[in-house]
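S.K.: Input: one structure, supplied below.
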Amino acid sequence: MRDTVASTESRSLSKSYGSHFAVVDHYARAAQRRLSNFSVMNVLRTFPQFIPCSEGSYKARAKLTVDAINQTLPLLSDLAAYVGRPPAPVMEIADFPANDEQRQAASALKERLDAQGSDKSSHHSYHHLYGAILADRQAIRSVIEIGIGTHHSDTVSYMVRGEAGGSLRAFRDFLPFAQIYGADIDRRVLFQEERIQTFFVDQTDPATFEQLAGSVAGECDLIIDDGLHSPHANIQTLIFGLKKVRLGGWVVVEDIGHEALPVWQVVNALLPARYQSYIVHEQHALLFAVKRLE
């Protein structure tokens, strides 16, 4: 009888420990998977433009390198202000429409953006800006938007809300005589419809912008960056846009993180007088809007 009891207790104990070890093994494997997503990075080799040109321990030099990355652009913004370059005006997006015509256009554009499933007027309130820019709807002939939108999660900056191509269709419906062009890095979302053409663009590769410029005839009334949302990609698009926008036309960079404000203060300081730029504040993000004056 004692042997039977002991055997039962042993099996129970073994089962208990087996379950415990299974749980431990589960969490150990999960931790290992998380660790496998990280890599060891040598800061000095990865960011050569920001390393101190001096001797010292890796730890001390790595800290100075990170400090340089975080502080260089804000300091350049301060330098621009010191030498007399005026900062870009900061406007609230709801104040951008300046008259009843622009406000009515913004309201009408919102209806079309909402109908096509674009987040520009649901999650964001960008229709205020675009209503002001596009108020003379009959006169607008061409719009380019970089970033069609993709739901494929293997693409960086994929959409978590909204419909792919929704804003292209909304602009097409809002602007009766305009040709609408879209571009995206995800070839799977490219499409052609009435008055809409789309093309492949990698915002980190200038050659693809040259190909896009050759595919879109003439100058454009509005060029929008709603793509990768990374400063270097944004600036690459801005360079393309400044070359392609017509006199009186606009280039707009969407979805700028509030922490990136110094980047765009520096960009503003670099622009020549033939462009007027604005930093537009919106609840979820900033926009950088540039108008070609001459």
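The values are calculated or read from the model by the stated rules, or taken from the named source; none is laboratory data. None of these values were measured; they are calculated from a predicted model. Note that we place each Cβ from the backbone using ideal geometry, even for glycine, and neighbour counts take in every protein chain shown.
Let's see how each residue does on (1) in contact with a helix residue (DSSP H, G or I) (Cβ under 7 Å, 6 or more places away or on another chain); (2) crowded, with 22+ Cβ neighbours inside 10 Å:
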{"position": "236", "(1), (2)": "yes, yes"}
{"position": "240", "(1), (2)": "yes, yes"}
{"position": "255", "(1), (2)": "no, no"}
{"position": "263", "(1), (2)": "yes, no"}
{"position": "270", "(1), (2)": "no, no"}
{"position": "274", "(1), (2)": "no, no"}
{"position": "278", "(1), (2)": "no, no"}
{"position": "288", "(1), (2)": "yes, yes"}
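S.K.: Can you list residue pairs whose Cβ atoms sit under 6 Å apart, with the first residue in the stretch 60-74 being under 20 Å from residue 259 (Cα atoms) and touching a residue at least 40 places away in the same chain (Cβ under 8 Å) and the second being surrounded by 14 or more Cβ atoms within 10 Å (Cβ to Cβ) and among the aliphatic types (A, V, I, L, M)? Count only pairs 6 or more apart in sequence or on different chains.
M.R.: If the second residue must be surrounded by 14 or more Cβ atoms within 10 Å (Cβ to Cβ) and among the aliphatic types (A, V, I, L, M), the pairs left are 73/263; 73/266.
S.K.: Of the residues that sit in the stretch 104-143 and are of a type in the set (S, T, N, Q) and touching a residue at least 60 places away in the same chain (Cβ under 8 Å), which one is farthest from residue 195 (Cα to Cα)?
M.R.: Checked the stretch 104-143; the qualifying residue farthest from residue 195 (Cα to Cα) is 125.
S.K.: Would you check which residues across the stretch 47-93 are touching a helix residue (DSSP H, G or I) at 6+ places or on another chain (Cβ under 7 Å), of a type outside the set (Phe, Trp, Tyr) and in a loop (DSSP other than H, G, I, E, B) and list them?
M.R.: 51, 52, 85, 87, 88
S.K.: State yes or no: is residue 248 in contact (Cβ under 8 Å) with a residue 24 or more places away in the chain, assigned to a strand (DSSP E or B) and out of contact with any strand residue (DSSP E or B) (no Cβ under 6 Å at 6 or more places or on another chain)?
M.R.: For residue 248, the condition - in contact (Cβ under 8 Å) with a residue 24 or more places away in the chain, assigned to a strand (DSSP E or B) and out of contact with any strand residue (DSSP E or B) (no Cβ under 6 Å at 6 or more places or on another chain) - is met.
S.K.: Could I ask something else about it? What are the residues in the stretch 223-252 that are farther than 19 Å from residue 273 by Cα and of a type outside the set (Asp, Glu), if any? Can you show your working first?
M.R.: So the first thing to find is which residues in the stretch 223-252 are farther than 19 Å from residue 273 by Cα, and the list is 223-234, 236-237.
Passing the criteria: 223, 224, 227, 228, 229, 230, 231, 232, 233, 234, 236, 237.
S.K.: Sticking with this structure for a sec: State yes or no: is residue 106 over 22 Å from the mean Cα position of the chain (by Cα) and either closer than 24 Å to residue 281 by Cβ or not assigned by TED's automatic domain parsing to the domain that holds residue 276 (or both)? Don't jump to the end; show me each part of the working.
M.R.: Working: over 22 Å from the mean Cα position of the chain (by Cα): yes; either closer than 24 Å to residue 281 by Cβ or not assigned by TED's automatic domain parsing to the domain that holds residue 276 (or both): yes.
Judged against the criteria, residue 106 is a match.
S.K.: Write out, first by first residue and then by second, each pair whose Cβ atoms fall under 7 Å of each other, whose residues are 6+ apart or on separate chains, and whose first residue, in the stretch 207-220, is in the same structural domain as residue 180 (by TED's automatic domain parsing) while the second is in a helix (DSSP H, G or I) and basic (Lys, Arg).
M.R.: Taking only residues 6 or more apart or on different chains, the pairs are 213/244; 219/244; 220/244.
S.K.: Pull up the stretch 255-294, narrow it to residues that are of a type in the set (Gly, Ala, Ser) and not in a strand (DSSP E or B), then point me to the one that is nearest to residue 73 (Cα to Cα).
M.R.: 260
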